[in-house]
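Structure, as structure tokens:
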Amino acid sequence: MNINIDDKEDYIAFLNGDILGFERLVLRYKNHLIYFLQKYVNNIDTAEDLAQDAFVEIFIHKERFQVNKNFKTYLFTIGKFKAIDFLRKQPDYTSIDEIETLADRNLLEEQLFSKEDKTILFTALNKLKPEYQQIITLIDLEDISYKDAAKILQKTLPQVKILIYRARKSLEKELVKTGYKHEK
């Protein structure tokens, strides 16, 4: 289990009444959560609202989180359920499966690739199935463990391993089609 020591210390401080501990957690994960939620709701303003709702939920029910668990996984799980609840209330909602396919295509981390690499990767990611985009975002871009990604996506660990393998292979095929060669 990959537990961030700073998260644990900040959460314990928050539990003991130090509001700055909670603020540090918000600042650490706010943008990552918004980025993740935007893939579900396809709207940055809604994603920001849902991220705020997730943090409010944690603030109000702070005793629910177990400090020996991974805070980021807990936060992203709450965020995902907030997004699903939001989408269920939309007039054009049909199913959870459809929600999973509403992923936003903007999956690039600014600091990871040169501008040209970003364009190539963005194009290749846009061609992948939404579930492949989600798993690559969680595991490769957000650096979430397989186990935690399984919790967030409500899949078994073997399902996640198969999914990330297939997603990476699909991404690799798309990149090869473009003639892209990454120098290691």
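The values are calculated or read from the model by the stated rules, or taken from the named source; none is laboratory data. These numbers were taken from a predicted model, which means no experiment stands behind them. Virtual Cβ from ideal backbone geometry, glycine too; neighbours counted across all protein chains shown.
Scan (1) more than 15 Å from Lys80 (Cα to Cα); (2) part of a helix (DSSP H, G or I) for the single condition Leu138 breaks and write down its number.
Condition (1) is where Leu138 drops out.
How many residues, within the stretch 26-36, are aliphatic (A, V, I, L, M) and out of contact with any Phe, Trp or Tyr (no Cβ under 9 Å at 6 or more places or on another chain)?
Total meeting the criteria: 2.
Considering every residue within the stretch 38-50, establish whether at least one is aromatic (Phe, Trp, Tyr) and closer than 24 Å to Gln133 by Cβ.
Taking every residue of the stretch 38-50 in turn, at least one turns out to be aromatic (Phe, Trp, Tyr) and closer than 24 Å to Gln133 by Cβ.
Which residue is nearest to Phe55 (Cα to Cα), if the candidates are limited to the stretch 5-14 and must be at pLDDT below 90 and loosely packed, with under 15 Cβ neighbours inside 10 Å?
It comes out as Asp6.
Outside any helix (DSSP H, G or I), outside the structural domain of Thr137 (by TED's automatic domain parsing) and within 26 Å of Tyr132 (Cα to Cα): is that true of Gln66 in this structure?
Taking the combined requirement at face value, the residue does not satisfy it.
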